[in-house]
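The values are calculated or read from the model by the stated rules, or taken from the named source; none is laboratory data. Being a predicted model, the structure only gives us computed values, none of them experimental. Positions of Cβ are generated from backbone atoms using ideal geometry, with glycine treated the same way; all protein chains shown enter the neighbour counts. We work out accessible area using only protein heavy atoms, side chains counted, and drop any ligands, DNA or RNA first. Shrake-Rupley method; radii C 1.70, N 1.55, O 1.52, S 1.80 Å.
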Amino acid sequence: MRRGPLKETAFALLFAGRAISSLGDRLVPVALAFAVLDLTGSVTDLGIVLGAQSVPLVVFVLLGGVWADRLPRQWVMLASDGVRAVAQGASAALLLSGSAHVWEIAALQALYGAGEAFFVPASTAVVPQTVSSSNLQLANALLGLSGNVATVLGPALAGVIVATAGPGWGLAADAATFVASAACLSFIRVGPIVATARTSALAELRAGWRAFRSRAWLWISVLYFTLFVAFVLSPLEVLGPQVARSSLGGPGAWAAISTALGLGALLGGVLGMRWRPRHPLRAAFLAFLLAGPALFVALAAHAPLPLILAAALIDGGSGTLFNIFWFTAQQREIPAGELSRVSSWDYLGTLALQPIGLAACGPLAAAVGVSTTLYGAGGLFVILVLAVLAVPAVRNFTGDGGVA
């Protein structure tokens, strides 16, 4: 660590800003879920609000990738922090004043999503600009680790805030963290990107698409996540709080489950700092297969909370391992001048069907039951992982420029 990425000033500032805003973001799932449930008691409304947040991500993320390859990436991130601070601050003000309506919260979360669409491609691609190549995987592990610490602390803090002061204060805290993040990012100084001659935005989008589709390990994995996020993760996000509310005691139980996910992610981040498997994607997907479905089964069966927490702990670790290997592979194998655009195609593909999945969860659960929906999501989880592992380009990917 004495020779690690935190000794590099630009990365240390990036790390600080990401760590602060990550803590605020981890308050939001608990605060936003119970804000909507307190307003209407409807999981369908919660799905609509979460979907409203994800739609602008799908619409604007490709444009965000283009501008992050054109402008200094820290500028793009600063602007995004400002937009998201306004969105969450206004949401908090409406809730705290007692005048909030679901459509207003949905509209402000859509604004938040638009800011996020510009932030994500820039934040993925700026990492290699702030740290030496030898420290890249460790840098990604540290960024993941900071997010995982926030995932442990954030839901627990959110549970206390929601139970004692109300969900509006959780969103207010998130707004404040974006201001602090922007302060850190404003001091980052990195060199300019060596890029090809500029053409139209549409031409640059097409160039990013060609770079994306030319790598089978990349687009096949993204296709997996398109289906996973829409039809596996979305039921967990929408129906998990409802299970906690109806069978496990309320916000405190969901905060505990979220904290267990974060603690598992923290342990996965520590492992990711040291483990360098020959086939990183194979290792990551196998970890998914061993860890993830158990959480869905436990929630669907209304298992005792300690059993659900154990499943969440294991599931959280597998997700962090994947992210470390995934972002490091992209940053090493994709040229710097097109990395934001390629990562924006990744992000678009991952979220393309999420609004549909989120909006469908409530009606589907009403039709067939919450438990049946969660059992179905867990079964689909297994099928998707087995399908992607059957593809040699993913299974045999080495992370050093090829497959073996």
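Overview of values
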quantity: Centroid-to-centroid separation of the range 222-268 and the range 125-192 [C-alpha atoms, Å]; calculated: 20
quantity: Difference of contour (0.36 nm per residue) and Cα-Cα distance, I356 to A165; calculated: 65.5 nm
quantity: Share of carbon and sulfur in the accessible heavy-atom surface of the chain [1.4 Å probe, %]; calculated: 70
quantity: Calculated [θ] (222 nm, deg cm²/dmol) that DSSP helices of n ≥ 4 give over the chain, each run adding -39,500 (n - 2.57); calculated: -27000 deg cm²/dmol
quantity: About the Cα centre, charge dipole magnitude for the chain (Lys/Arg +1, Asp/Glu -1 at Cβ), debye; calculated: 1220
quantity: Simple spin-label estimate for N396 and A203 in nanometres, 7 Å along Cα-Cβ; calculated: 3.8
quantity: Calculated P(r) of the chain - Cα pairs past 42 Å, %; calculated: 7
quantity: Calculated from backbone phi, Karplus (6.51, -1.76, 1.60) coupling profile of the range 333-349 in Hz, x at Gly/Pro; calculated: 9, 10, x, 4, x, 10, 5, 5, 5, 5, 5, 5, 5, 4, 5, 4, x
quantity: Loop trypsin sites (Lys or Arg not before Pro), the range 235-300 (other Cβ atoms within 10 Å of the site Cβ: 14 or fewer; DSSP); calculated: R278
quantity: Inter-label distance, nm, simple model (7 Å from Cα along the C-beta direction), I220/R274; calculated: 3.2
quantity: J(HN,Hα) series, the range 383-392, from Karplus relation 6.51 cos²θ - 1.76 cosθ + 1.60, nearest Hz, glycine and proline x; calculated: 4, 5, 5, 4, 5, 6, 5, 6, 8, x
